[in-house]
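Heads up: the structure comes next, in structure tokens.
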There are 2 protein chains.
Amino acid sequence: MEMSFSKWNAGNIRAVLSPRGAFNCLQQLTHEQKRRGVVAPTAGNHGIGLSYAANILGVPAHIFLPENCDPMTIEVLKSLKANISLFPDIETARIEALKSAETENLSFISAYNEKGMITGGGSIGLEILQELSDVDIVVVCVGGGGLISGIASVLKANNPSIEIWGAQTENSPTFVRWFEARKIIPVTLKPSIAPGLSGIIEPETMTFPIIRDHVDKMIAVSEDDLVEGMRFMMKHHQQVVEPSGIAAVSAIMRKANTFPKKKIAVIVTGRNVSYTEFSSLVN
Amino acid sequence: MEMSFSKWNAGNIRAVLSPRGAFNCLQQLTHEQKRRGVVAPTAGNHGIGLSYAANILGVPAHIFLPENCDPMTIEVLKSLKANISLFPDIETARIEALKSAETENLSFISAYNEKGMITGGGSIGLEILQELSDVDIVVVCVGGGGLISGIASVLKANNPSIEIWGAQTENSPTFVRWFEARKIIPVTLKPSIAPGLSGIIEPETMTFPIIRDHVDKMIAVSEDDLVEGMRFMMKHHQQVVEPSGIAAVSAIMRKANTFPKKKIAVIVTGRNVSYTEFSSLVN
């Protein structure tokens, strides 16, 4: 592979509106479920996508977040009229969201363990087939694995020779370890600058068998790799990318000299980072 | 108008590949003219667009720049295989480019006083009509006036009720003053952080009668307004915009509370600024 990122124009970077999965999920709810509303735990972007779609469709959205999320996320969620609740960490937010779904009779929308999210994300696979049908490798960031599950399902069904690579952080390498072991095993988690790719993954998630069977490679990237990726995208594309959205870029930068010339699509998944936070990481 | 910029997604910001005018000009050259090549003076972006198109079409491009241009511009031009010459200032570059066209038998491509550039830029007007036909106001940055001439010609011919506003810097307000006076008058120029909107405009330029007759308002923005606009785009859209590309945003921010609710399209024209330069301006 050559580093064939265009170094000067953003024309080959597609702005992919994120709430594909959220719209997909909400549109499958009954009228009564829509009226009652949805609840979701999130490090940020799932909440933004869901609130965006919910706001358009007039569905009340209850978003449960860790207290240390980027302040920009809160600001964005407020502008989207979400009901926001903060918790000490993402795992507590998840448990409380499940309780709230039960007691308040809300629809719980997981960011990844949810068919609607997976198939919504899969629409990116369809667009890759339409616009870049000769692609050799597609690289996707992995948190809970919803996006890569959708993209891998679509691409492998249509053209099994396309390789799908996942990128996760070394600090929160759940799918890297499970993928190597071919089964669910205990994984040690450390904090990461990429909260959207971090945290406990439910062992029963439907995304694991999909990733195990349809992804070709899982790559772990370091915190430094994430920052290097962010610097690359700023320096050569003048694009702000958040840490949780950059792992696929970081993975491909590490591997750039280790395999022959290939056509590679790298999915970049988010710019929701405040400039303060961004510049403190990149400088 | 409400400040209806979406505050969180880039989905409603269109990445407009810049070399529309350049492709248009080059494709109108004869085979022999293409073989000999083109020469252009530029503060940066015209050179990038022209070199991009020339590189694809196999036309030699000679780009004449002021020495104080952004280092990133040089790097980008080199990657596009342009022949680069540096001069003390943009006006010297312009005079030398004209000489070089004469002595070397190259085609001189002005960034603005050139039908091919104007009609190429006009294709943005066609896209606005296709995708945003109910727009009330279109705001465009003005340097030599090529882009706004193209956009205004297309929009006014199709729907005269669409207002066209131009934004130029207070420090280099040539078209603001000519527009007020309805004729060519002497204008005092000062340096600006927006070189792409600055410098001497040829009094005989074909863009002046077009702007005089088809633009509804010319707005001068201060250097501080440019920086405020850049901050706004970074804070709310996580988009790096160069000073020369932001004037239309700055103009609309100043006017945001002074007129009723309207649908406004703001043309943002460039992200070719190094991160070092960008952060020194914004911080």
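Some observations on this one:
- Inter-centroid distance (Cα atoms) of segment B:199-225 relative to segment A:99-133, Å: 49 Å
- Here the residues A:Asp213, A:Asp89, B:Asp225, B:Asp134, ranked from fewest to most Cβ neighbours within 10 Å of their Cβ, fall in the order B:Asp134, A:Asp213, A:Asp89, B:Asp225.
- Positive minus negative residues near A:Ile162 (Lys, Arg vs Asp, Glu; Cβ under 14 Å): -2
- Neighbour-count ranking [beta-carbon atoms within 10 angstrom, fewest first] of A:Glu180, B:Glu242: A:Glu180, B:Glu242
- Annotation for segment A:30-124: GluC sites (Glu not before Pro) lying in DSSP loop with at most 16 further Cβ atoms inside 10 Å of their Cβ are A:Glu67.
- Distances between equivalent label points of B:Leu129 across the copies, with each point positioned 7 Å along Cα→Cβ, amount to 3.7 nm, shortest listed first.
- Three-way shape call for segment A:20-108 based on the alpha-carbon gyration tensor, with the a/c threshold at 1.5: oblate
- Efficiency of FRET from Cβ geometry, B:Leu57 and A:Glu75, R₀ 60 Å, rounded to 0.05: 0.85
- Here the residues B:His31, A:His237, ranked from fewest to most Cβ neighbours within 10 Å of their Cβ, fall in the order B:His31, A:His237.
- Cα shape, segment A:118-282, gyration tensor, a/c 1.5 rule: oblate
- Placing unit charges on each Cβ (+1 for Lys and Arg, -1 for Asp and Glu) gives the protein assembly as shown a dipole about its Cα centre, and among A:Cys69, A:Phe23, B:Trp178 the Cα reaching farthest toward its positive end belongs to A:Phe23.
- Neighbour net charge for B:Leu189 - beta-carbon separation under 12 angstrom, K R +1, D E -1: -1
- Each Lys or Arg adds one and each Asp or Glu subtracts one; over the other residues with Cβ under 10 Å from the Cβ of B:Val273, this totals -2.
- Ordering A:Asn45, B:Met233, B:His214 by Cα displacement along the dipole of the protein assembly as shown toward the positive end leaves B:His214 in first place; charges were set at the Cβ atoms of Lys, Arg (+1) and Asp, Glu (-1).
- Whole-number percent relative contact order across segment B:115-282, with pairs defined as alpha carbons under 8 Å at least 6 apart: 26 percent
- Rounded Å value of the spacing that divides the Cα centres of segment B:168-187 and segment A:152-184: 59 Å
- Measuring spread by the Cα atoms of the protein assembly as shown yields a radius of gyration and Dmax of 25.5, 83 Å.
- Rounded tilt (10° steps) of B:243-255 against the dominant C-alpha axis of chain B: 20 degrees
- Restricting segment A:176-214 to trypsin sites (Lys or Arg not before Pro) that sit in a DSSP loop and have at most 16 other Cβ atoms within 10 Å of their own Cβ leaves A:Arg182, A:Lys183.
- Exercise: per-residue mean of other protein chain Cβ atoms within 10 Å, A:42-54: 1
- C-alpha long axis of helix A:115-131 to longest principal axis of chain A, angle in °: 30 degrees
- With contributions of -39500 (n - 2.57) from each DSSP H run of at least four residues, the per-residue ellipticity at 222 nm computed over chain B stands at -14500 deg cm²/dmol.
A short reminder: the numbers here are calculations on the coordinates, not readings from a lab. Because the structure is predicted, anything quoted here is derived from the model rather than measured. Glycine gets a Cβ as well: all are built from the backbone with ideal geometry, and neighbour counts include every protein chain shown.
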